[in-house]
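For reference, the structure is listed below as structure tokens.
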Amino acid sequence: MTDLVARAKPIVDAAAGELFTAAVVRVERRGSIETYAAGTLCPDPKAGPDGPCAPMSLFDLASLTKLATTALVLSLVRERQLELDMPFRELVPDFRGGSKDRVTLRQVLTHTAGLAWWKPLWKEASSPEELVWLAAREPLAQDIGEFRYSDLGYIMLAPGLARVGDAKFADLMHERVLGPVEARTCEFGPRPPEQCAATEEDTEWRHKRLRGEVHDENAYAMGGVSGHAGLFGTAADVAALIGVYRDGAVIGNELRDLTRTEQYKGGGVRRGIGLVLRPPEGLPFFSEDAFGHTGFTGTSVWVDPAKDLTLVVLTNRVYFGRANDEELYRFRVALYEALARP
């Protein structure tokens, strides 16, 4: 057993069966790659055969999908088909009127566009198109320029980017991002259930344990394909995807550097373009220039360039429900700290 796996194993094993049923930890450091997988994919017999979690197991990546969507946006910015400071209404014509006319694409990507953080649009929408229209008609929830993490902008980006790229959103994502970075098994669902870590038992709408179909209700109402959620992938896929922001894949070095430049700071939060930057307080074991992203289902990725360190942690923490945010945070911090040590 390697030193890094030895650090991760007791932390992961202690949480398996309590916080999640399945986890994969991938550590890339100074040219070496180490992976530790633990638990099983689905103890619930109603959702298909269980099996051991393995390094190539698929997870619902949730908001790590936004990393791919941001990369797609920036690939179009690089080709001058889009501009970061263009009015967002030029991409999404239904998003207009009043203060909305001042919102820019950059503000959507930095979560400073004044958008509400989340709305159960799936309860009203009868089609993907109507769901996007409802998101566009939703009034702003706060002042433009103030940070509030939001799914709504990324929901609206999917059809907007499809129009600009003259192709289906999923096809654009594969052609411009997932294919070039060699995220070989990263795709929108549905995916083969037996390869996937199961998520929550949906007792409100779908009335089954979810496995191989997206957990997020708004993404499911969009046919499983959206800019905010919907991708499934392995730890290796996520490591390949974060290479956009680590190495400049797809977007080039100039835009890579811009994504990692502080765009907003306040309330204990620092944001780049499409990225979480190491907060002013907290995560002291990471260098100041570290960046990453998280996903609601229990997924996360962090890169610490100063340490030549990439950490991918995939879990299915919503298997047991959604009321474990504090436990998930403590687990992540303990694992990051153990793995970030020299």
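The values are calculated or read from the model by the stated rules, or taken from the named source; none is laboratory data. Note that the structure is predicted; figures quoted are calculated from it, not measured. Ideal geometry is used to build each Cβ from the backbone, glycine not excepted, and the neighbour counts take in all protein chains shown. Each accessible area value is taken on the protein alone, full model and side chains, heavy atoms only, with ligands, DNA and RNA left out. Shrake-Rupley method; radii C 1.70, N 1.55, O 1.52, S 1.80 Å.
The table below lists the values:
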item: Residue in the stretch 1-52 that is most open to solvent (accessible area, probe 1.4 Å), counting only those that are among the acidic types (Asp, Glu), in a loop (DSSP other than H, G, I, E, B) and touching a strand residue (DSSP E or B) at 6+ places or on another chain (Cβ under 9 Å); result: 50
item: Qualifying positions in the stretch 221-263 - surrounded by fewer than 24 Cβ atoms within 10 Å (Cβ to Cβ) and under 13 Å from the mean Cα position of the chain (by Cα); result: 239
item: Evaluation of residue 83 against (1) touching a residue at least 40 places away in the same chain (Cβ under 8 Å); (2) part of a loop (DSSP other than H, G, I, E, B); (3) open to solvent by 40 Å² or more (accessible area, probe 1.4 Å); (4) out of contact with any strand residue (DSSP E or B) (no Cβ under 6 Å at 6 or more places or on another chain) (one fails), failing number; result: (1)
item: Flag if residue 322 is within 29 Å of residue 36 (Cβ to Cβ), of a type in the set (D, E, K, R), crowded, with 16+ Cβ neighbours inside 10 Å and out of contact with any Ser or Thr (no Cβ under 9 Å at 6 or more places or on another chain); result: no
item: Residue list for the stretch 181-220, filter: open to solvent by less than 10 Å² (accessible area, probe 1.4 Å) and within 22 Å of residue 244 (Cα to Cα); result: 183, 186
item: Output for the stretch 127-145, where each listed residue is in a helix (DSSP H, G or I) and surrounded by fewer than 15 Cβ atoms within 10 Å (Cβ to Cβ); result: 129, 130, 137
item: Some residue of the stretch 264-272 being at positive phi, assigned to a helix (DSSP H, G or I), of a type in the set (Gly, Ala, Ser) and surrounded by fewer than 23 Cβ atoms within 10 Å (Cβ to Cβ); result: no
item: Residue check for residue 214: of a type in the set (Val, Ile, Thr), in contact (Cβ under 8 Å) with a residue 24 or more places away in the chain and not in a loop (DSSP other than H, G, I, E, B); result: no
item: Residue tally, condition touching a Gly at 6+ places or on another chain (Cβ under 9 Å) and open to solvent by 20 Å² or more (accessible area, probe 1.4 Å), over the stretch 160-180; result: 4
item: Given (1) open to solvent by less than 20 Å² (accessible area, probe 1.4 Å); (2) in contact (Cβ under 8 Å) with a residue 40 or more places away in the chain, index of the condition residue 277 fails; result: (2)
